[in-house]
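These notes are about the structure you will find just below.
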């Protein structure tokens, strides 16, 4: 089991180092550590397969790693994620496809995915609140955003109320579902406001720097990537650049929650 422990320690180390780059180096995360994590994860699980004589560790490693890689890089090519995020999801799958106990099962993977989503929401909300405060956002701006989507939100609240009533009649916790839906509707409006108003900045050609990420529909494609030196030199007008949520820490928190706590899919299931 020691090789599996090493693989999880490697995951923590890679994600911790890259989180520092993401937070303190303007989202410029090197590929080296992610590639090291992928290679290390495969080697550790191959070694465990050799020691135990069972192909399960290597199969789970390659299977989970392959699925995570496919999702991450598809999200990158569609402009939903940055390259560093895709690399980290890929490395996560190869380094931690199962628990350190060696009992590979789908529940661990579902726990990891659930904890990833929980961590993603927490980090995104925290960073959005920070940007809103840092850019002197006002409650009136949020109120205007909610009023603007009044019809859509009304339909959502009505649908949530109907589903909550149905859940209650079936013996489930309908009130929790209703409050959960309202919370996420509010968070959606808040984060949309922050993304549209406080994470985009217009710069003149002289102010744009190498590595800054342009907003979509400006001739640089929709992929989330930094500008090269040649692209910066060709800019002759104003350009909208965007800042994103430091997302690599999400992967780190997901591993910590999964390995060190009993959180995961069962926590969500218990509410119902």
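For this structure, a couple of remarks:
- Unique match (being more than 21 Å from residue 11 (Cα to Cα), in a helix (DSSP H, G or I) and in contact with a helix residue (DSSP H, G or I) (Cβ under 9 Å, 6 or more places away or on another chain)) among 86, 91, 75, 122: 75
- Within the range 28-48, the set of residues being at pLDDT below 95 and either in a helix (DSSP H, G or I) or within 17 Å of residue 72 (Cα to Cα) (or both) comprises 29, 30, 31.
- Selection within the range 126-151 - in a helix (DSSP H, G or I), modelled with pLDDT of 80 or more and surrounded by 11 or more Cβ atoms within 10 Å (Cβ to Cβ): 126, 127, 128, 129, 130, 131, 132, 141, 143, 144, 148
- Looking across the range 11-27, the residues that are crowded, with 21+ Cβ neighbours inside 10 Å and modelled with pLDDT of 95 or more come down to 11, 14, 15, 18.
- Checked against (1) surrounded by fewer than 18 Cβ atoms within 10 Å (Cβ to Cβ); (2) in contact with a helix residue (DSSP H, G or I) (Cβ under 9 Å, 6 or more places away or on another chain), residue 194 meets all criteria but (1).
- Of all residues in the range 160-175 being modelled with pLDDT of 80 or more and crowded, with 17+ Cβ neighbours inside 10 Å, the one that is farthest from residue 127 (Cα to Cα): 164
- Output for the range 87-110, where each listed residue is within 23 Å of residue 225 (Cα to Cα) and at pLDDT below 95: none
The values are calculated or read from the model by the stated rules, or taken from the named source; none is laboratory data. These numbers were taken from a predicted model, which means no experiment stands behind them. FYI the Cβ positions are ideal-geometry reconstructions off the backbone, even for glycines, and counts take in every protein chain you see.
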